[in-house]
Amino acid sequence: MKITDILSRGTASLSFEVFPPKTETNFDSVKAATEEIASFSPSFMSVTYGAGGGTSRFTLDIAKNIMERYGVPTLAHLTCVSSSRETVRARIADIAASGVENVMALRGDIPPELENSDRSRWDYRYAVDLVRELKACGHELCIGGACYPEIHPESANQREDILRLKEKVDAGCDFLTTQMFFDNNLLYNFLYKIREAGITVPVIPGIMPITNAKQVEKAIKLSGSFMPQRFKSLVDRFGSDPAAMKQAGIAYATDQIIDLYANGVLNVHVYSMNKPDVALKIKENLSDILGKPSPV
Ligand code: FAD
């Protein structure tokens with residue numbers, strides 16, 4: 001099933017992101033965690049893709065397995081920046097042949113060894129190049145793109161970032177998923193600006209439940225996200241108590257999600273980090289909310 005069809009149901013839904021194993025050795029444990037999350041019947045699940053090819057071959061294995069065994073629609077991520085045209089075309093053909101109907105078209109982070117190389121010689125420089133490649137392949141996949149309510153770290157300013165986002169959407173994105181954020185007002189502000197810029201595709205907010213103090217530093221480094229004082233106080237108070245931090249982090253994420261639904265968001269994507277217990281708790285916290293028609 002295509003993600004655009006899921007969104008057109010008009011009811012509150014929840015999806016989860018998982019990541020593939022880094023090595024063959026931990027394939028079975030990762031597969032088991034993703035299957036457990038799939039058993040909670042999310043609206044869909046996304047499977048990330050290791051830029052540079054690290055874990056790339058497992059992305060489709062995991063996505064296909066979840067779809068076939070649990071009937072959960074899946075979204076296979078694909079990055080392009082450090083890949084040849086030949087490799088990318090082969091991956092697209094694999095996705096189309098697998099029956100997975102959704103692909104997240106990403107640039108990926110630029111590997112340090114390529115930082116100073118001649119970019120004019122790269123087959124792909126930006127995600128928009130991959131979106132164009134996907135459209136040219138003619139497989140009719142549902143295409144997602146990434147967006148950044150707090151600006152992509154390489155962008156000079158938000159205006160420039162939104163102009164580039166518009167180009168990506170116009171090239172063929174059917175929906176967008178956001179980078180994590182911890183203050184919903186940042187999302188509402190961003191939505192207002194992109195709608196003004198003429199970007200009309202659905203936007204799926206991405207929420208990261210922070211369940212241990214170590215994760216905080218990592219998440220900020222990765223995303224550059226702003227941490228509201230309310231969230232900082234929570235980490236200060238509970239950061240050294242793992243059980244309390246986990247409960248508080250799940251409650252904070254749940255609160256963000258409920259506010260998003262209350263403001264008309266249809267689907268929230270949870271960066272569940274292969275943690276079935278966290279995914280389940282959030283789903284349980286929303287048991288009487290999921291499936292309700294959107295007020296907008
Ligand atoms: P782009 O859309 O290409 O944007 C990157 C930067 O280039 C932005 O600053 C943009 O404004 C600018 N830009 C775009 N087009 C042009 C142009 N024509 N000229 C000049 N500037 C331009 N990484 C992974 O490795 N694997 C994953 O599975 C993965 N999943 C992700 C999922 C989500 C929802 C998000 C938000 C990020 C994910 N990432 C993943 C990280 C992502 O690859 C990085 O954030 C990367 O730095 C940018 O990717 P992008 O697709 O947003 O790039």
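Condition first: assigned to a helix (DSSP H, G or I) and of a type in the set (Lys, Arg). Can you find one or more residues in the range 189-200 that meet it? Yes, the range 189-200 has at least one match. For the range 274-286, residues that are farther than 24 Å from Pro202 by Cβ and open to solvent by 30 Å² or more (accessible area, probe 1.4 Å) total 5. Filtering the range 95-118 to residues that are more than 10 Å from the ligand (Cβ to nearest atom) and open to solvent by 30 Å² or more (accessible area, probe 1.4 Å) leaves Ala96, Ala97, Gly99, Glu101, Pro112, Glu113, Leu114, Glu115, Asn116, Ser117, Asp118.
Would you say Arg159 is of a type in the set (Lys, Arg), touching a Ser or Thr at 6+ places or on another chain (Cβ under 9 Å) and either within 12 Å of the ligand (Cβ to nearest atom) or not in a helix (DSSP H, G or I) (or both)? When the stated conditions are applied, Arg159 does not pass them. Within the range 52-93, the set of residues being among the aliphatic types (A, V, I, L, M) and open to solvent by 10 Å² or more (accessible area, probe 1.4 Å) comprises Leu60, Met67, Ala90, Ala93. Just one of (1) within 10 Å of the ligand (Cβ to nearest atom); (2) assigned to a loop (DSSP other than H, G, I, E, B) fails for Glu140. It is (1). For the range 231-248, a tally of residues being within 22 Å of Tyr148 (Cα to Cα) and touching a residue at least 12 places away in the same chain (Cβ under 8 Å) returns 1. No other residue among Val18, Val81, Val30, Val47 is farther than 30 Å from Asp129 by Cα, within 16 Å of the ligand (Cβ to nearest atom) and touching a residue at least 12 places away in the same chain (Cβ under 8 Å) apart from Val30. Can Ala253 be described as open to solvent by less than 10 Å² (accessible area, probe 1.4 Å) and at pLDDT below 95? No, not satisfied.
Open to solvent by less than 20 Å² (accessible area, probe 1.4 Å), farther than 23 Å from Ala38 by Cβ and not polar (S, T, N, Q), is that true of Tyr261? Spelling it out, it is not the case that Tyr261 is open to solvent by less than 20 Å² (accessible area, probe 1.4 Å), farther than 23 Å from Ala38 by Cβ and not polar (S, T, N, Q). For Trp122, the criteria (1) open to solvent by less than 50 Å² (accessible area, probe 1.4 Å); (2) closer than 27 Å to Lys193 by Cα; (3) more than 10 Å from the ligand (Cβ to nearest atom) hold in every case but one, which is (2). The residues of the range 181-193 that are surrounded by fewer than 22 Cβ atoms within 10 Å (Cβ to Cβ) and either hydrophobic (A, V, I, L, M, F, W, C) or in contact with a helix residue (DSSP H, G or I) (Cβ under 7 Å, 6 or more places away or on another chain) (or both), listed by number, are Asn184, Leu186, Leu191, Lys193.
The values are calculated or read from the model by the stated rules, or taken from the named source; none is laboratory data. Predicted model, so just to flag it, every value in this text is computed and none were measured. Heads up, the Cβs are rebuilt from the backbone with ideal geometry, glycines too, and the neighbour counts pull from every protein chain shown. Heavy atoms of the whole protein, side chains included, go into the accessibility calculation; ligands, DNA and RNA do not. Shrake-Rupley method; radii C 1.70, N 1.55, O 1.52, S 1.80 Å.
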